[in-house]
Amino acid sequence: LNNNDALYIVYTFKYKGDLPLDDSLVLTLTNKASATIDGVPAGEDDHTQTITIEPSKKISKSGEWHKNDTTDDMRGVRYTLKLNPEAQDLNPDSDTYEVTDTLTYVTDVTTNISYDLIGSSVKLLDSSGNEVTDGWSWTVEKVQESLTVKSVLKVVVPDEQSYTLKYVYAVSGDIKNNTSLTVNNIASIERLKTGSTENKYTYTWEEADTSG
């Protein structure tokens, strides 16, 4: 380098440690650099910075209304729940953890609307999209307080793996075509502050196609 030249080096460090489980991880990092020119020390400096590593998202959900009931497409509100995408150890005390999924709706004497879980639609898929046939379980219970109804689905799944849970709620009642309906759904993983998600889904009730 000439006397008037400046050399700039730009580089990036990437955190590769374990992701924090449920609380933010605060790290204080110090970087020191020194330079020599022709074997002679030319200066040194250091920089200290505090960074925060946030916990990963443990659960997410989406809902979609399907109006037709065919061999491979059940009529109802179809839900997809992504579980533990980073395959973390969510329950250090066990090889499994429990997910509670609560669907809430309001019924009335006019429509007698009802949401009922279709048992055959409940499927757990591994990270490769293959259906998991053993090592997990689920139960569902319906409770009602006045006009508010809750369908509580509890699922026990193996820990330290990424899964997708899929299921369909059938919708029935004296509902007029093109009626706008809203259903609320909250899912949570036991004991985790960062293990919950809420899906408030509004859709338009449509009568099933009868042609063909």
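The values are calculated or read from the model by the stated rules, or taken from the named source; none is laboratory data. What you are looking at is a predicted structure, and each value in this text was computed from that prediction instead of being measured. Ideal geometry is used to build each Cβ from the backbone, glycine not excepted, and the neighbour counts take in all protein chains shown. Protein only, heavy atoms only, side chains kept; ligands, DNA and RNA dropped before computing areas. Shrake-Rupley method; radii C 1.70, N 1.55, O 1.52, S 1.80 Å.
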Which condition breaks for V171 when tested against (1) crowded, with 17+ Cβ neighbours inside 10 Å; (2) under 15 Å from S62 (Cα atoms)? (2)
Here are S151, S146, S121: which of them is on the phi > 0 side of the Ramachandran plot and not basic (K, R)? S146
Hey, can you tell me all the residues within the range 183-196 that are at pLDDT 90 or above and open to solvent by less than 70 Å² (accessible area, probe 1.4 Å)? V183, N184, N185, A187, S188, I189
Meets criteria (at pLDDT 85 or above, farther than 30 Å from E145 by Cα and in contact with a Leu (Cβ under 8 Å, 6 or more places away or on another chain)) for D45: no
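Take D89 and tell me if it is in a strand (DSSP E or B) and open to solvent by 60 Å² or more (accessible area, probe 1.4 Å).
Working: in a strand (DSSP E or B): no; open to solvent by 60 Å² or more (accessible area, probe 1.4 Å): yes.
Considered against the rule, which asks whether it is in a strand (DSSP E or B) and open to solvent by 60 Å² or more (accessible area, probe 1.4 Å), D89 comes out as no.
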Taking the criterion of being open to solvent by 50 Å² or more (accessible area, probe 1.4 Å), outside any strand (DSSP E or B), modelled with pLDDT under 90 and touching a Leu at 6+ places or on another chain (Cβ under 9 Å), would at least one residue in the range 205-212 satisfy it? no
Please state which one of T110, T139, T100 is part of a strand (DSSP E or B) and either closer than 16 Å to N199 by Cβ or modelled with pLDDT under 95 (or both). T100
